[in-house]
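Each reported figure results from applying straightforward, stated rules to the coordinates on display, with no laboratory input. Everything quoted here is computed from the prediction, not taken from an experiment. With ideal geometry, Cβ positions are generated from the backbone for all residues, glycine too; neighbour counts draw on all protein chains shown.
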Amino acid sequence: MRKWIVAGNWKMHNTIGESVALARAIKEGLSGPTNGEVVVAPPFTALAAVGDTLKGSAVALAAQNMYCEDKGAFTGEISPVMLKDAGCAYVILGHSERRKYFSETDQSVNAKVKKALAAGLKPIVCVGETDEERVQGVTQSVVDRQVRGALAGIEKLDDVVIAYEPVWAIGTGKVATSAQAEEVHAFIRDLIGELYGSLSKGIRILYGGSVTKDNIAELAAMEDIDGALVGGASLKPDGFLGIVAKMT
Ligand code: PEP
């Protein structure tokens with residue numbers, strides 16, 4: 001039985017004070033033990049403060065990106081060691097916004113995945129096709145390339161999470177149907193089975209793209225969907241907690 005994950009990606013939103021308030025509301029709003037994990041990914045500036053706020057709670061901390069070296073002359077970058085120090089358990093890697101605006105490639109994502117695992121961080125690796133690619137009918141080949149690329153040279157999958165995020169569904173309000181999402185999730189699980197054998201049964205594959213408390217239940221009911229990576233709806237306690245409540 002795979003443990004579900006609901007992870008909130010706060011993107012470039014929230015000051016330190018706003019982040020702490022949101023984290024506190026989420027921590028206090030969670031009811032009882034669950035058979036899943038709740039994760040929040042604040043901006044870098046708020047990581048340590050949110051980490052302190054979440055201490056002793058069931059909510060795990062994630063970063064939204066990292067560099068693929070532990071330290072050195074890399075002005076403006078943040079290392080996996082620094083993220084561990086700030087209290088992170090997870091790191092989101094290869095988000096489509098990073099691929100689009102910051103030229104991330106399958107190779108750079110792969111280098112980061114390796115370094116994250118070496119530092120004891122669990123990578124949430126994002127993959128997904130653009131609108132144009134879906135219309136061209138190349139969704140599977142795009143996702144195949146991204147998954148193979150991100151996992152190249154990685155032997156142990158225990159700490160790896162995949163997030164299937166169709167780019168056309170991110171921040172658009174256009175959610176994939178549960179059938180559309182399940183088709184790609186099953187494809188990813190089969191691909192991982194081809195690469196890693198039975199380890200594919202344990203890997204968590206999250207869906208991301210305009211998830212809300214109104215559509216999560218249908219998505220999460222699908223066999224290969226193990227939770228959600230949530231952007232917009234994670235910025236308000238009610239929206240995020242409403243999604244978590246549907247998972248329990
Ligand atoms: C995301 O940015 O990972 C995301 C899924 O955003 P949204 O939920 O706003 O579509």
Take the alpha carbon atoms of the range 5-247, find their radius of gyration, then divide it by 2.2 N^0.38 Å using N residues; give the quotient. 0.94
What residue among Leu61, Leu195, Leu229 has the largest mean-square fluctuation in a Gaussian network model of the chain, using Cα springs under 10 Å? Leu195
Would you compute the Debye intensity of the range 70-157 from its alpha-carbon atoms alone, equal scatterers and no solvent, and pass along log10 I(q)/I(0) at q = 0.12, 0.18, 0.20 Å⁻¹ to two decimals? -0.40, -0.82, -0.97
Looking at this model, which pairs from Lys71/Lys100; Lys27/Lys246; Lys122/Lys156 are more than 20 angstrom apart at the alpha-carbon? Lys71/Lys100
Take the Cα coordinates of the range 116-191, assign each an equal point scatterer, and use the Debye formula without solvent to give log10 I(q)/I(0) at q = 0.14, 0.23 Å⁻¹. -0.48, -1.09
Please return the longest range in the chain lying between exposed loop sites, taking chymotrypsin sites (Phe, Trp or Tyr not before Pro), DSSP loop only, at most 15 other beta-carbon atoms within 10 Å, and leaving the sites out. 103-248
Could you work out how far the C-alpha centroid of the range 90-125 sits from that of the range 159-236, in angstrom? 17
Output the relative contact order of the range 5-247, whole-number percent, from Cα pairs under 8 angstrom with separation of 6+ residues. 19
Karplus couplings for the range 159-166 from phi (6.51 cos²θ - 1.76 cosθ + 1.60, θ = phi - 60°), rounded to Hz, Gly and Pro as x? 9, 9, 10, 9, 10, 8, 10, x
